[in-house]
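> What follows is a structure written as structure tokens; I'll ask about it next.
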Amino acid sequence: MSARRGDSSASAERAALVALLRARPGRRGWAEITAEVLAAGSAIAVWEQLVPPVLVGPAAESDALEAAARQVAGWTGQGWRVLTVLDEDYPARLRAIHQAPPVLFARGHVARDDVAVSVVGSREASVRGLDIAAGVARGLVARGVTVLGGLALGVDAAAHRAALAAGGRTVGVIGTGIDRAYPAANRELQEQVAERGLVLSQFWPGAAPQRHNFLMRNATMSGYGLATVVVEAGEQSGSRAQARIAVGHGRPVILTSLVVARNDWARALVGRPGVHVAGRLHAVLDLVDQLIGEPAAAGAAPSRLASC
């Protein structure tokens, strides 16, 4: 990663990266472009290498970079923060995974070294599942840990709301453009998360919800967080995908016994390195304590849930 740059230089780098992602020289994918930019430490250097004037022409090269600069300025003018993998305050854990998004759009407070744990699960969660999600979120807040979710219905929403109610930090990673809310029913919740925590998107503004977006979002959540807690999920749940992705990232996965009892995919993960099963809420939080290397927060309210 390149050293800290001045505002004008950083803006030029952002514009060059956006131009690369738009042009995709040599039909490169975003992951390949990201890797080349990180290796070079400069999007401008990669642009000059891949889009030489002899192939494109000075006017076209200038137009592409200027158009990208205008677009970035327009985004920031909307009040959105534009972060690239070259920026110092790009989330550090996220940068370490191979699916690190080259660009992030943010609303709220960005914390480079955020200590966060994903709390994910079914959109059609049971009352028991919603109670567990809220209990885990409150326990994380008591430990000073950020509650990370996807701003989906069900478990995600319950965790976000419990974190906000407890006065803690929560981060929502969405599967649409930063200017959209999906589902619409969570629009007000998304605004609250942006005002008191952080909302992140890895997609261009205006991007509509698409199935593959949510798989990409799950990879980003896994990379951003210290661990993933799967509260309740079905056989085809997106939480299943995040659990598997997290195992691939070498990030701990905590499955409640509720998930393991009901899903073949969860039972198949049991025994894999870094995969834990928690039968009670305090067991989930004990595992979190081990991960953050600190004892349970003094005065944290005891769980009233009999089991997970």
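The values are calculated or read from the model by the stated rules, or taken from the named source; none is laboratory data. Source: prediction; values computed, not measured. So basically every Cβ, Gly included, is an ideal-geometry build from the backbone, and we count neighbours across all protein chains shown.
> How about region 123-172: which of its residues are within 15 Å of the chain's Cα centre (by Cα) and polar (S, T, N, Q)?
Listed by number, the residues that qualify are T146, T170.
> Residues being part of a loop (DSSP other than H, G, I, E, B), of a type outside the set (D, E, K, R) and at negative phi: count how many of those fall in region 194-243.
Within region 194-243, residues that are part of a loop (DSSP other than H, G, I, E, B), of a type outside the set (D, E, K, R) and at negative phi number 16.
> Quick check on this structure: which one of L130, L104, L153 is part of a helix (DSSP H, G or I) and either assigned by TED's automatic domain parsing to the domain that holds P183 or modelled with pLDDT of 95 or more (or both)?
On inspection, the qualifying residue turns out to be L130.
> So, in region 169-193, how many residues would count as being under 12 Å from V110 (Cα atoms) and in a loop (DSSP other than H, G, I, E, B)?
1
> Here is a further query. Restricting attention to region 257-279, does a residue exist that is outside any loop (DSSP other than H, G, I, E, B) and under 30 Å from T84 (Cα atoms)?
Checked against the condition, which is being outside any loop (DSSP other than H, G, I, E, B) and under 30 Å from T84 (Cα atoms), region 257-279 yields no hits at all.
> Report, by residue number, each residue of region 107-127 that is hydroxyl-bearing (S, T, Y) and outside any strand (DSSP E or B).
Within region 107-127, S122, S126 meet the criteria.
> Please go through region 229-262 and give me each residue that is touching a residue at least 12 places away in the same chain (Cβ under 8 Å) and of a type in the set (S, T, N, Q), ordered by number.
Once the filter is applied, which keeps residues that are touching a residue at least 12 places away in the same chain (Cβ under 8 Å) and of a type in the set (S, T, N, Q), region 229-262 yields S237, S239, Q242, T256, S257.
Here's the yes/no breakdown for (1) modelled with pLDDT of 95 or more; (2) in contact with a helix residue (DSSP H, G or I) (Cβ under 8 Å, 6 or more places away or on another chain); (3) β-branched (V, I, T); (4) under 19 Å from I245 (Cα atoms):
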residue: G177; (1), (2), (3), (4): yes, no, no, no
residue: E191; (1), (2), (3), (4): yes, no, no, no
residue: R211; (1), (2), (3), (4): no, no, no, yes
residue: T220; (1), (2), (3), (4): yes, yes, yes, yes
residue: A227; (1), (2), (3), (4): yes, yes, no, yes
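> Looking at (1) part of a helix (DSSP H, G or I); (2) touching a residue at least 60 places away in the same chain (Cβ under 8 Å); (3) of a type outside the set (K, R); (4) crowded, with 24+ Cβ neighbours inside 10 Å, which is the one condition that is false for H160?
(2)
> Separate question: Only one residue in R107, R123, R93 is touching a residue at least 24 places away in the same chain (Cβ under 8 Å) and either among the acidic types (D, E) or within 19 Å of L291 (Cα to Cα) (or both). Which one?
Going through R107, R123, R93 in turn, the sole match is R93.
> Quick one: would you say L285 is at pLDDT 95 or above and within 21 Å of V141 (Cα to Cα)?
The answer is yes for L285.
> Kindly evaluate A45 against the criterion of being modelled with pLDDT of 95 or more, small (G, A, S) and under 24 Å from P205 (Cα atoms).
In short, no.
> Cβ contacts < 9 Å: first residue under 18 Å from V103 (Cβ atoms) and touching a residue at least 12 places away in the same chain (Cβ under 8 Å), restricted to region 212-228; second residue part of a helix (DSSP H, G or I) and of a type in the set (K, R), any location; separation 6+ or different chain. Result?
G223/R93; G223/R95; Y224/R93
> Would you tally the residues in region 95-133 being surrounded by 22 or more Cβ atoms within 10 Å (Cβ to Cβ), farther than 19 Å from V260 by Cα and not aromatic (F, W, Y)?
8
> Output the number of residues of region 244-256 satisfying the condition of being not in a helix (DSSP H, G or I) and not basic (K, R).
6
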